[in-house]
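What follows is a set of notes on a single structure, which appears directly below.
The values are calculated or read from the model by the stated rules, or taken from the named source; none is laboratory data. These figures come from a predicted structure and were not determined experimentally. When we count neighbours, we look across all protein chains shown, and the Cβ atoms used for this are built from the backbone with ideal geometry, even at glycine.
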Amino acid sequence: MFYYKIFAVAVLSALLAGCPATPVPDPEPVDTTYGGEVGAGADTVDTAGTDVKTMRGGEFIEETAESLGTIIYFEFDSSQVRAEDQDLVAGHAIALNEKPGANVRLEGHADERGSREYNIGLGERRAQAVRQMLMIQGVSASQIQTVSFGEERPESRGSSESDYAENRRVVIKYTN
Amino acid sequence: MASAANADLVIDVQGVSRPTPVAIVPFGWEGDSPSVPLDVATVIKNDLLRSGRFAPTSENDMLQKPTDGVDLDFDDWSVLGVEAVVVGRIIQTGANAYTLQFQLFDTFRRKQLVGYRMPVSRGTMRFAAHRAADMIYEKLTGIKGVFGTKVAYVTAKEQPDGRLYSLVVSDQDGENEHTIMESEDPIMSPAWSPDSRQLAYVSFEGSKSSIFVQTLRSGNRFQVSNKPGINGAPAFSPDGRKLVITLGGINGNPDIYVLDITSRQTKRLTTHRAIDTEGTWSPDGKYIYFTSDRAGGPQVYRISANGGTPERITFEGSYNARPRLSPDGTRLAMVHNDRGNFRIAVMNIERRDLLVLSTGRQDESPSFAPNSDSLIYATRQGGDGVLETVSADGLIRQKMASGQGDVREPVWSPFPRF
């Protein structure tokens, strides 16, 4: 549905300011009429645009993931989704509501400090925070799987504060 | 891998005023080939050296090199200040059959303290040498030796197409490494069965955690827990029939469960919405100690193995996790935040006083030796994990050269059973 596509782009442009390092495609023109509709639910659908309908499932998912971003970072010892990432999660919620056949795996991670199994718990807590947020916005529990890798799969292998910040994350992965 | 321990042996002895001077005389060889199958004296010498309690005499300083006690001249040793001498021989008795003989003498009292003859093959000779070192160590210190025990650990190696995780078992000196399991997905939390024949561990194959029990000799493994969400932190009960594990469930709330290995029935022990994990049995089987952040930061609690109300055990510091009890039940090891550094600390369970044993920034996974006298843990060196051992009093600490890549989560085996 066209509505969802333009929504995704709107979120993307909002994210651009905060994430200069992320390579992104040029934003397309956006119909701002729908700009304030975050989390409004799936019952108001603009069927005017039909280009998305013709896409196969895989392309839809790829496009959604690429345009929204898939990584949510967390503060030290926190599982709170930061205000600037809430639109990102909301975008995925809308995408998942749109495609009930699409499933995601939320992969939670922790930095390396402390003990490994406790860090599995911390990573899971982060994945669950994102899961709750998706479910509040209407995504079915059956579409969401969580897994915590704790500190076992660091994005950055160093031991500086900035490495730790990169490793405290939830990655949203579309599994079909 | 054969010379891993010798190649990078670092001994960092602190506080032992005077290691006991001992001499391990090169062993005699009576066999049909020119060279001896194994330098048994060097194996014993390295064991005693690594313990930090002994100062073996250099071969060059020896005034005589007897291979049997009858040829020993005590004056030649007491003049060097050597307090104990080990002599021995390897005698071939068949194509792959040998007798390993050793004797330990007290040079001041001029008497034999222990002497044994052991039938061995080429395959068992190294283990027999470690057992000889165990008997010598126990005679001289009163503490049971652990040279014949093993260590399991996990390694992560960077490969062109990603990381390769391995579960490895080696002798306690880092020699004789065997890879038990390999995976491109993380492997975590190895735990020995009380009979040393099996390892439980967590595997993330299929991007999902599950718990396996694997028999070392056969390599056969079976999946014992594959519930939704977290399946983690296995530890065997003292009778070997159960595992304490962490299950997170679909809603991701990690709690402590007891799993009957045969029936696969689980019993839930904790129900708190905090993270409860890293359960471990007390040696008497009465309690399960675990990590919980129900009070904010992680602290160690214990609960009756039959369930009940958890009791908080640690109060010192903001972070105490991953408890492990000494096999004699008197001490609790943990990961402790020591002024911003994660270090290994040991608490006397009666007195409740905490002793920080390690000096790194990111030390983890303490595991007691089966004699309760020392611990092994992982620390960092140049970005990679390496293993260290430390005596439970903190006085003797050393690096163990073992494994390749990032080495983590060492667990010390129980005593071997015969």
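Numbers at a glance
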read-out: Sole exception among (1) more than 27 Å from B:Lys157 (Cα to Cα); (2) facing chain B (nearest Cβ under 7 Å); (3) aromatic (Phe, Trp, Tyr) for A:Phe149, by number; value: (1)
read-out: Of all residues in region B:30-44 being in contact (Cβ under 8 Å) with a residue 60 or more places away in the chain and more than 25 Å from B:Glu83 (Cα to Cα), the one that is surrounded by the fewest Cβ atoms within 10 Å (Cβ to Cβ); value: B:Asp32
read-out: Unmet criterion (only one of (1) more than 14 Å from chain A (Cβ to nearest Cβ); (2) within 30 Å of B:Pro283 (Cα to Cα)) for B:Val154; value: (1)
read-out: Tally, over region B:153-203, of residues that are assigned to a strand (DSSP E or B) and either in the same structural domain as B:Leu49 (by TED's automatic domain parsing) or hydroxyl-bearing (Ser, Thr, Tyr) (or both); value: 10
read-out: Single match in B:Glu364, B:Glu388 (criterion: in contact with a Ser or Thr (Cβ under 6 Å, 6 or more places away or on another chain), farther than 14 Å from B:Arg50 by Cβ and charged (D, E, K, R)); value: B:Glu364
read-out: Criterion: within 10 Å of chain A (Cβ to nearest Cβ), over 23 Å from B:Arg408 (Cα atoms) and in a loop (DSSP other than H, G, I, E, B) - qualifying residue of B:Gly252, B:Gly240, B:Gly206; value: B:Gly252
read-out: Scope region A:124-146; condition more than 9 Å from chain B (Cβ to nearest Cβ) and under 25 Å from B:Arg408 (Cα atoms); matching residues; value: A:Arg126
read-out: Residue list for region B:258-279, filter: surrounded by fewer than 22 Cβ atoms within 10 Å (Cβ to Cβ) and within 14 Å of chain A (Cβ to nearest Cβ); value: B:His272, B:Arg273, B:Ala274
read-out: Flag for B:Thr57 being closer than 19 Å to B:Val120 by Cα and free of Cβ contacts under 8 Å to residues at least 60 places away in the same chain; value: no
read-out: In region B:281-302, the residues that are among the hydroxyl-bearing types (Ser, Thr, Tyr) and either away from chain A (no Cβ under 11 Å) or in contact with a helix residue (DSSP H, G or I) (Cβ under 8 Å, 6 or more places away or on another chain) (or both); value: B:Ser282, B:Tyr287, B:Tyr289, B:Thr291, B:Tyr301
read-out: The lone exception for B:Gly383 - which of (1) crowded, with 18+ Cβ neighbours inside 10 Å; (2) closer than 30 Å to B:Gln404 by Cα; (3) free of Cβ contacts under 8 Å to residues at least 24 places away in the same chain it fails; value: (1)
read-out: Boolean, A:Ala110 is at the interface with another protein chain (Cβ under 8 Å from one of its Cβ atoms), buried (at least 24 other Cβ atoms within 10 Å of the Cβ) and within 23 Å of A:Asp77 (Cα to Cα); value: no
read-out: All strands (runs of 3 or more DSSP E) inside region B:282-401 with 2 or more residues being at pLDDT 95 or above; value: B:287-292, B:299-304, B:320-325, B:331-338, B:341-348, B:354-356, B:364-368, B:374-381
